[in-house]
Amino acid sequence: MLVEWERGSVQTYPQAAANTRVVGAEIARLLRLVQTKILLKDVHLVGISLGAHISGTCGSLLPGIGRITALDAAGPLFENYPPSIRLDPTDALFVDAIHTDGDDFYKVVMAEGGLGIHHSIGHADFYPNGGHTQPHCNGVMSRTLTDITSGSLQNVQLKKLVACDHELSLDYFAQSILTSHLYTAYACDDDQQGFIDGRCSSTNYMGYDAYKPSTDRKYYLHMSDNRPYRGSHFIATVTVNVSNLVCLRLTLKGANGVAGHIQQPGFKKSCSLSSTQCAMLYSDVPISTLHSLNITWEDNAASHSQVLVHGLTQLTLVNASVSYGDKIYYSCTPVLLGFTLSVTMPLSTQKCTN
């Protein structure tokens with residue numbers, strides 16, 4: 001069932017935001033009328049932007065609704081407001097949210113802000129690309145700037161430019177219906193930075209196949225530019241023979257592609273004081289069979305200090321492993337690695353014996 005509320009939404013934004021309460025109450029009223037014919041636990045409400053809060057209002061007025069999916073729930077006039085004003089986990093038995101454009105709304109005028117809510121509002125909150133600045137929309141911005149500089153103003157669509165990240169949440173959800181278990185997302189230590197570093201403990205599926213976790217969690221994943229926007233995630237673990245602060249750059253090679261460290265604005269690949277280093281690697285294309293892991297000891301401030309202070313110019317890569325879905329690849333033969341140099345460790349599915 002599709003709810004059409006154009007007359008209520010084509011208003012000033014504050015009025016449209018206020019109208020969400022009325023529309024949510026009307027949907028709840030309709031569901032009460034048919035409640036003898038349906039089970040509330042089988043009702044699934046899906047709302048984008050203000051529609052997410054409409055769904056929340058409906059759920060708060062009619063307890064027992066099975067699921068609410070929020071597609072980049074609107075942020076202005078809802079971010080940091082009390083749960084009674086916006087969607088929250090008590091509004092349905094399961095609330096999942098996809099965040100694609102969550103940032104300070106007032107940066108929108110600088111083409112840097114977001115239209116969506118950033119803080120968690122459900123049992124499972126998903127943050128593709130950190131919840132803002134989707135790769136597909138970088139291309140939209142580039143094409144728009146080209147049209148402007150070339151004088152092709154008739155091709156410029158301001159709404160598409162401003163709302164691209166926001167509305168992409170709907171396409172992500174649609175793609176997840178077309179292909180089951182399309183987007184694997186990761187719950188990680190320290191949220192986004194933990195995802196970059198590959199310190200992740202559990203997974204869930206973003207979109208239609210999402211399920212309610214035992215405790216409320218935030219999930220992260222990286223997206224590619226073009227439909228269906230899915231690439232490949234790999235968690236690489238390398239064991240070295242020292243616990244000094246060294247920085248390793250990892251590049252994974254497979255039968256039909258290469259995976260590297262995730263580049264996310266505001267976050268960087270961290271260096272580890274532990275003898276075990278982890279990283280989340282990503283490729284825009286699915287990689288079938290993994291062949292090798294290339295490792296470089298980077299010449300940066302952290303690594304350089306080890307050479308100056310400790311005279312550490314060589315270390316041993318004891319072993320490595322790469323998890324990819326339900327498969328794990330191993331490299332079990334120790335390899336020497338010199339400062340600023342690179343080595344390649346072959347991978348196989350045979351476990352290490354030592």
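In table form, for the structure just shown:
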{"quantity": "Lysine-lysine proximity count for the chain, Cα under 18 Å, sequence distance 8 or more or distinct chains", "calculated": "5"}
{"quantity": "Among beta bridges that DSSP assigns inside the chain, antiparallel share in %, nearest 5", "calculated": "70 percent"}
{"quantity": "Cβ-based net charge around S84, under 11 Å, with every Lys or Arg adding one and every Asp or Glu removing one", "calculated": "0"}
{"quantity": "Theoretical ellipticity at 222 nm over the chain - DSSP helices of four or more residues, -39500 (n - 2.57) apiece, nearest 500", "calculated": "-7500 deg cm²/dmol"}
{"quantity": "Residue-by-residue Karplus 3J(HN,Hα) for the range 337-351, coefficients 6.51, -1.76, 1.60, Hz, glycine and proline x", "calculated": "10, x, 4, 6, 9, 10, 9, 10, 9, x, 10, 8, 8, 7, 5"}
{"quantity": "For the range 231-243, 3J(HN,Hα) per residue [Karplus equation, 6.51 cos²θ - 1.76 cosθ + 1.60, θ = phi - 60°, Hz, x = Gly/Pro]", "calculated": "x, 10, 9, 9, 9, 9, 10, 10, 9, 10, 8, 9, 10"}
{"quantity": "Cβ-based net charge around D209, under 14 Å, with every Lys or Arg adding one and every Asp or Glu removing one", "calculated": "+2"}
{"quantity": "Packing rank of 316-324, 123-131, 241-249, where each peptide gets the mean count of other beta carbons within 10 Å, highest leading", "calculated": "123-131, 316-324, 241-249"}
{"quantity": "Within-14-Å neighbourhood charge of A187 [Cβ basis; K, R +1; D, E -1]", "calculated": "-3"}
{"quantity": "Solvent-accessible ranking of E298, E167, largest area first, probe 1.4 Å", "calculated": "E167, E298"}
{"quantity": "Accessible surface, 1.4 Å probe, highest first, among residues T12, T90, T133", "calculated": "T90, T12, T133"}
{"quantity": "Largest to smallest accessible area among L62, L30 [probe 1.4 Å]", "calculated": "L30, L62"}
{"quantity": "Sequence-distant residues sharing a close amide H with S202 (under 5 Å, placed H)", "calculated": "A187"}
{"quantity": "Whole-percent carbon and sulfur share, accessible surface of the chain, 1.4 Å", "calculated": "55 percent"}
{"quantity": "Solvent accessible area, Å² - R29, 1.4 Å probe, full protein context", "calculated": "140 Å²"}
{"quantity": "Positive dipole terminus of the chain, leading residue within S321, H136, I295 (C-beta point charges)", "calculated": "S321"}
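The values are calculated or read from the model by the stated rules, or taken from the named source; none is laboratory data. Just so it is clear, the model here is predicted, and its values are computed rather than measured. Positions of Cβ are backbone-derived with ideal geometry, glycine not excepted, and every protein chain shown enters the neighbour counts. When the accessible area is computed, the model is the full protein with side chains, heavy atoms only, and any ligands, DNA or RNA have been set aside. Shrake-Rupley method; radii C 1.70, N 1.55, O 1.52, S 1.80 Å.
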